[in-house]
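Following: one structure in structure tokens, then a few remarks.
The values are calculated or read from the model by the stated rules, or taken from the named source; none is laboratory data. These numbers come from a predicted model, not from an experiment. With ideal geometry, Cβ positions are generated from the backbone for all residues, glycine too; neighbour counts draw on all protein chains shown.
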Amino acid sequence: MNGEEFSVDMDEFFDLNFPKLGDFGHLVESSSLSEGSTLTPNEEQILFTYSCELSQLPKILEYFEVKEPDEFEFPFNIEIEYSSIYEEKWTVDYDDGMPKKI
């Protein structure tokens, strides 16, 4: 957050940055890419899936200080830097979603 870097360990990220989020639901799926692992072209990698009861949504929005639910924006941007098998460096972020060569 605020330019900080974290490893791809979403459990740790949420525990450190949003400790009360576990009070409302839980991470169902969390990705962990190790160094040297590969993805095929066009393969998607889900970073995390968060699950909660619909009745908890107002509490979650309040926790993230969202006043207008229909104008909800993700409370942080995720940017991933990675290398191709040809050692080209790339970046992709949540807002844009399009990989860019560095």
Every residue in the range 1-30 that is more than 15 Å from Glu81 (Cα to Cα), assigned to a loop (DSSP other than H, G, I, E, B) and at pLDDT 70 or above, please. Phe18, Phe24
Can you report the number of residues in the range 42-56 which are within 17 Å of Glu81 (Cα to Cα) and modelled with pLDDT of 90 or more? 0
Can we say Glu35 is exposed (fewer than 12 other Cβ atoms within 10 Å of the Cβ) and either farther than 17 Å from Glu12 by Cβ or modelled with pLDDT of 80 or more (or both)? no
By residue number, the members of the range 80-102 that are surrounded by 13 or more Cβ atoms within 10 Å (Cβ to Cβ) and of a type in the set (D, E, K, R) are Asp93
